[in-house]
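Below is one structure; the comments refer to it alone.
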Amino acid sequence: GDSVTQTEGLVTLTEGLPVMLNCTYQSTYSPFLFWYVQHLNEAPKLLLKSFTDNKRPEHQGFHATLHKSSSSFHLQKSSAQLSDSALYYCASYQGKLIFGQGTKLSIKP
Amino acid sequence: NSKVIQTPRYLVKGQGQKAKMRCIPEKGHPVVFWYQQNKNNEFKFLINFQNQEVLQQIDMTEKRFSAECPSNSPCSLEIQSSEAGDSALYLCASSLPVSNERLFFGHGTKLSVL
């Protein structure tokens, strides 16, 4: 069935290092892919979403590239900030939003 | 700031009691979703509506929950007989009826079943 997989439950990095959070999906059709972020005690909110024209979405220094050949939509940032500490969810829209398991990103000084 | 309003923020119930939570979607959003976020932070889709009609729901929701989105009133999700395993954060989200549109989430109702 349709699914989204995030293999890392917890990623701990030192401030300033690059970030990469993995996301792969399985889908019958070509879905729209999203990254949502949830800071502590806050509502989840959209970080970025895939485009239909293969442009690379970017927001707040984060970017993600949709690779249909490998069914991936990994999230990247060149330099982590303390304020990036949060839960990150990859999601795929297939009639409803299907979420991955989530990755907790913890940035240390 | 989220414009999806969920009430109450916290709900404490005993096993076997009903537990009802409400959601006011963002103005102009006809599609409403309910998700359950468990203690491991995993999301489980429960049900979604477009206007007053149910689009999809999982088996558990159909059997144990009562949900509706009446016109001109808040949407609601009610567990008919709470179980300890229902303790979770219940998130409501709304969107436009387009597949690549973002979902706007409320802050959730945290249910504790004692």
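Just so it is clear, none of the values below were taken in a lab; they were calculated from the coordinates. Just so we're clear, the structure is a prediction, and the values are computed from it rather than from any experiment. As a convention, Cβ positions derive from the backbone with ideal geometry for all residues, glycine included, and neighbour counts pool all protein chains shown.
In a DSSP loop and with at most 13 other Cβ atoms within 10 Å, the chymotrypsin sites (Phe, Trp or Tyr not before Pro) in the range A:2-32 are A:29.
Place a label point 7 angstrom from the Cα of residue A:26 along the Cα-to-Cβ direction, then list the residues of the range B:34-65 whose backbone nitrogen is under 19 Å away. So the set is B:43-45. Using a cutoff of 8 angstrom between alpha carbon atoms and counting only pairs six or more residues apart, the relative contact order for the range A:1-84 works out to 33 percent. Each principal axis of the Cα cloud of chain A was taken in turn, and the coordinate range along them, longest first, works out to 42, 27, 21 Å. Rg over Rh of the range B:1-96, using C-alpha atoms and the Kirkwood radius, what does it come to? Using Cα coordinates only, the ratio equals 0.94.
Counting pairs of alpha carbon atoms under 8 Å apart in space and at least six apart in sequence, what relative contact order in percent does the range B:5-113 give? Please list the in-between numbers first.
Values: 258 pairs, mean separation 40.7, N = 109.
In percent, rounded to a whole number, it is 37.
Within 10 Å of each Cβ in A:97-106, how many Cβ atoms from other chains are there, averaged over the peptide?
Working: counts 10, 2, 7, 2, 4, 5, 1, 1, 0, 0.
Taking all residues of A:97-106 together, the mean is 3.
Counts of other chain beta carbons within 10 angstrom of each beta carbon in peptide B:93-102 average 4.
Work out the FRET efficiency for residue A:78 and residue A:3 from their Cβ-Cβ distance, taking R0 = 30 Å, and round it to the nearest 0.05.
Details: r = 29 Å, r/R0 = 0.98.
Plugging the Cβ-Cβ distance into 1/(1 + (r/R0)^6) gives 0.55.
Residues whose amide H comes within less than 5 Å of that of residue A:48, counting only those at least five positions distant or on another chain, are A:35 (H built at 1.01 Å from N in the peptide plane).
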